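Working notes for the structure below.
The values are calculated or read from the model by the stated rules, or taken from the named source; none is laboratory data. Small disclaimer: the values here were computed from a predicted structure and weren't measured. Ideal geometry is used to build each Cβ from the backbone, glycine not excepted, and the neighbour counts take in all protein chains shown.
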Amino acid sequence: MLDIQKLIWAPKIIVSDLQDGVTRFEVKYLPRGFGHTLGNALRRIILGYSLGGAVTGLKIKGVSHEYHVVDGVMNNVIDIMLNFKKLRFKFDDGVDHLQWISQRFSGVGHYTAKDIKLPAGIELLNPEVVLFEITDPSVELNIDIRIEKGYGYYSIDFLRSREKKDDSDVNILLIDNEFKLVEYIKYEVEEVIEDFTGSTKDLLILDIKSGYNAVSPKEIVMFAGEVLASYAKLFVFDNVYIDKSVLVDFDDLNKETTRTEGEVSVKTMPIDALPLSERTRNALIKNNILYVEDLEKKKKGELLLMKGVGRKAIDEIVSSLANISKSLMG
């Protein structure tokens, strides 16, 4: 981390829940330009490499290809495959990434994903999905379901290539699938005025909505952070000199700070950030009062002696300071 954080304070994440299941992550503050660098990287990782479980293959007894029609079943095989393609799963740590689940369905009626009996460690995230309908009471449907954990998108070509290498059963009905668990993500960056020299700091805002209640946005963004960190470490070489004079460890940065974030944000708040009229603000700046800290040290009488500051401006200043629990001297 750059030592500029000593000036703009240690970065902090504020997490809040918005409407419609959206969770907001606010990262404040970052050096100028870092907001887009970090935000775009996290967004792309989350969209392309969000980790989840999905169905990538089926074996249906008596069915050798996807164009087969099963007597006594309302849906054709292609429709059944498309319905299984919608399923998403969550794997616990330590559970094998690829598992075959054998299921037997018999009896007239609609069958949904909740009728699938899963082993321990695998959770179905959308049990409401309708899979097929059996219309003949004499029909028994035996299906082996391949569920695996992955990320990104597995194409049919990729799956075929993998089956050839593994010398798998030729009767597997391959299902191309993606493993994305996020429904919605966007980021934006706000530039926050740091001082009157023109320098700014970034406020990064990430809005994330998970597609499933059992998977929190925190889990999604944490996985993306781990992926980003792991690839960044590729560029940390041994026996290579690097000037670390401008770098600081995050933990050390926290130890060095003795005031609360609220105290720092007020004492370094520029006058420009107060809700003052343009005339009053310009008058203060021309009299070299650039920060709230400067203003707190002044008495009403001192301000009245300044050019461009009248009693109306004093009332405006007192009201603005009161909004942040501050006041003039005396």
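Answer with yes or no whether LYS244 is loosely packed, with under 15 Cβ neighbours inside 10 Å, basic (Lys, Arg) and modelled with pLDDT under 75.
Details: loosely packed, with under 15 Cβ neighbours inside 10 Å: yes; basic (Lys, Arg): yes; modelled with pLDDT under 75: yes.
Considered against the rule, which asks whether it is loosely packed, with under 15 Cβ neighbours inside 10 Å, basic (Lys, Arg) and modelled with pLDDT under 75, LYS244 comes out as yes.
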- prompt: Considering only residues of the stretch 1-48 that are out of contact with any Lys or Arg (no Cβ under 7 Å at 6 or more places or on another chain), modelled with pLDDT under 85 and part of a helix (DSSP H, G or I), which is surrounded by the fewest Cβ atoms within 10 Å (Cβ to Cβ)?
  reply: LYS6
message: Can you tell me how many residues within the stretch 110-145 are within 22 Å of VAL63 (Cβ to Cβ), in contact (Cβ under 8 Å) with a residue 24 or more places away in the chain and of a type in the set (Asp, Glu)?
response: 4
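Tell me the strands (runs of 3 or more DSSP E) entirely within the stretch 80-155 that contain at least 3 residues that are of a type in the set (Gly, Ala, Ser), in the same structural domain as SER210 (by TED's automatic domain parsing) and buried (at least 18 other Cβ atoms within 10 Å of the Cβ).
Details: elements: 88-91, 98-106, 109-112, 122-124, 130-134, 140-150.
Result: empty, no element qualifies.
Just to be sure I understand, how many residues within the stretch 214-230 are free of Cβ contacts under 8 Å to residues at least 12 places away in the same chain and either under 14 Å from VAL22 (Cα atoms) or touching a helix residue (DSSP H, G or I) at 6+ places or on another chain (Cβ under 9 Å) (or both)? Give the steps one after another, and end with the answer.
Taking the stretch 214-230 first, the residues free of Cβ contacts under 8 Å to residues at least 12 places away in the same chain are 219, 222, 226, 229-230.
Of the ones still in play, those that are also either under 14 Å from VAL22 (Cα atoms) or touching a helix residue (DSSP H, G or I) at 6+ places or on another chain (Cβ under 9 Å) (or both) are 219.
Of the residues in that region, 1 qualify.
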message: The conditions are (1) surrounded by 12 or more Cβ atoms within 10 Å (Cβ to Cβ); (2) under 26 Å from VAL182 (Cβ atoms), and ASN75 fails exactly one of them. Which is it?
response: (2)
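So, ILE185, is that one closer than 21 Å to GLU123 by Cα, buried (at least 17 other Cβ atoms within 10 Å of the Cβ) and not charged (D, E, K, R) or not?
Values: closer than 21 Å to GLU123 by Cα: no; buried (at least 17 other Cβ atoms within 10 Å of the Cβ): yes; not charged (D, E, K, R): yes.
For ILE185, the condition - closer than 21 Å to GLU123 by Cα, buried (at least 17 other Cβ atoms within 10 Å of the Cβ) and not charged (D, E, K, R) - is not met.
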message: I'd like the residue in the stretch 46-93 that is in contact with a Phe, Trp or Tyr (Cβ under 6 Å, 6 or more places away or on another chain) and among the small types (Gly, Ala, Ser) and, out of all such residues, is farthest from ASN171 (Cα to Cα).
response: GLY52
message: Going residue by residue through the stretch 220-239, is there one that turns out to be outside any helix (DSSP H, G or I) and either at pLDDT below 70 or buried (at least 17 other Cβ atoms within 10 Å of the Cβ) (or both)?
response: no
task: Count, please, the residues in the stretch 276-324 that happen to be more than 21 Å from ILE193 (Cβ to Cβ) and small (Gly, Ala, Ser).
output: 6
- prompt: Of the conditions (1) more than 12 Å from the chain's Cα centre (by Cα); (2) outside the structural domain of THR135 (by TED's automatic domain parsing), MET74 fails just one. Which one is it?
  reply: (2)
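Where residues in the stretch 257-282 are of a type in the set (A, V, I, L, M) and assigned to a loop (DSSP other than H, G, I, E, B), which of them is modelled with the lowest pLDDT?
At the first step, the residues of the stretch 257-282 found to be of a type in the set (A, V, I, L, M) are 264, 266, 269, 271, 273-274, 276.
Those left that are additionally assigned to a loop (DSSP other than H, G, I, E, B): 269, 274, 276.
Working: MET269: 70, LEU274: 79, LEU276: 85.
Looking at the filtered set, the residue picked out is MET269.
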